[in-house]
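Q: This is the structure I want to talk about, given as structure tokens.
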Amino acid sequence: MTKTKKGRAVKLGSEIQRLRKKAGLSLDELAKQTGLTEDYLAKIEEETEIPPVGAMLQISRVLSLDAGKLLSRAETQDRNRQKREGLKKRKSSYAYKTLAPGGATMHLKAFMVTIDPKQDHDMVEYRHEGEEFIHVLAGKVVVTVGENEYRLAQGKSLHFNSAIPHMLRNPGDVKTELIVVLYTP
């Protein structure tokens, strides 16, 4: 949750739903424009799923939003949910933090991403317009881009076309920490 200017708490899913309706889009239309399923988008709006960075970028682009602001709301909502659940492990096996919030007109977005040991990102694969740069700060990550698999250890980087389906996996026994920079045209 985040606070509006009037001090009311706003949930991420409710805000996405409000903005989708304001744009005159049905869930089906938003699904077609983002490449996400209608069912998955409904779960986001119902607050049963917190979307990963790639999904947030796709939703933000279609709704003409600043992805950084929307991601900050997702981070706040996730922290609040963890507090309510007594810090119970989240359903998703990763977390992300916006490193450069704001800038609706900016083309670069930077994130700190952590993936728990022996875990994949929650969704099967991501795909979004632009380019992506990943740098491993700690641990290991396997990045699958299309049919290619890249195994990166601490200090290694990868730059790729993010329109190609891709996914991340932590094959190691320790938490993986990444800097992920996205360029969206």
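Q: If amide H atoms are built 1.01 Å from N in the plane of the peptide, which residues on other chains or at least 5 residues away come under 5 Å of the amide H of residue 140?
A: 172
Q: Between residue 48 and residue 18, what is the FRET efficiency for a Förster distance of 22 Å, r being their Cβ-Cβ separation, to the nearest 0.05?
A: The formula returns an efficiency of 0.80 here.
Q: Can you tell me the mean projection area, over all orientations, of the convex hull of the stretch 126-185's alpha carbons? Units nm², please.
A: It is 3.5 nm².
Q: Same structure again: When the Karplus curve 6.51 cos²θ - 1.76 cosθ + 1.60 is applied with θ = phi - 60°, which whole-Hz ³J(HN,Hα) does each residue of the stretch 18-26 get, with x for Gly and Pro?
A: 4, 5, 4, 5, 4, 7, x, 9, 7
Q: Related question: Which order do the peptides 38-49, 169-180 take when ranked by the mean count of other beta-carbon atoms within 10 Å per residue, highest first?
A: Highest-to-lowest ranking by the protection proxy: 169-180, 38-49.
Q: Between residue 173 and residue 142, what is 0.36 nm times their sequence separation minus the Cα-Cα distance? Round to one decimal in nm.
A: 9.8 nm
Q: Please list 3J(HN,Hα) in residue order for the stretch 148-163, calculated via the Karplus relation 6.51 cos²θ - 1.76 cosθ + 1.60 where θ = phi - 60°; whole Hz, with x for glycine and proline.
A: 9, 10, 10, 9, 10, 10, 3, x, 9, 9, 8, 10, 8, 6, 7, 6
Q: Of the listed pairs 11/140; 32/140; 97/140; 43/156, which have alpha-carbon separations greater than 25 Å here?
A: Result: 11/140; 32/140; 43/156 exceed 25 Å.
No lab work stands behind these numbers, since they all come straight from the coordinates. Predicted, not measured: the structure shown is a model, and the values here were computed from it. For neighbour counting, all protein chains shown are included, and Cβ atoms are generated from backbone atoms with ideal geometry for every residue, glycine included.
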